[in-house]
Amino acid sequence: MPQRHADLESRLPGMTTARSWELMVEVKRFQRARAMRMSKKLVRGEARWRGWKRMLDEGIYATMAELARGEGVSRAAVTVGLKRLRDYRD
């Protein structure tokens, strides 16, 4: 613990120790909130990717390029989304 304290003081010169710790706590809160937002985006993305996979499997769209045009996204987004879906399943 003393090592972390010394390291923090060197990165935040001229600040009181109490203020530097307050800033560090705020940074941690921000990082946790960002991680939560990212996980919610991932859940929404995964649902979208499953829908794309279903549409391809059912023959609604013949190709990924056709799917991208129909859904209004780039071909790269479809490719990456389906790859991520496959990676999460494995």
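The values are calculated or read from the model by the stated rules, or taken from the named source; none is laboratory data. Quick caveat, the model's predicted, so the values are computed rather than measured. Every residue, glycine among them, receives a Cβ derived from its backbone with ideal geometry; neighbour counts consider all protein chains shown.
Residue check: is E46 surrounded by 10 or more Cβ atoms within 10 Å (Cβ to Cβ) and modelled with pLDDT of 80 or more? Let's see the steps before the verdict.
Details: surrounded by 10 or more Cβ atoms within 10 Å (Cβ to Cβ): yes; modelled with pLDDT of 80 or more: yes.
So E46 passes the test.
When you look at A76, is it at pLDDT 85 or above and either on the phi < 0 side of the Ramachandran plot or basic (K, R) (or both), yes or no?
Numbers: at pLDDT 85 or above: yes; either on the phi < 0 side of the Ramachandran plot or basic (K, R) (or both): yes.
Judged against the criteria, A76 is a match.
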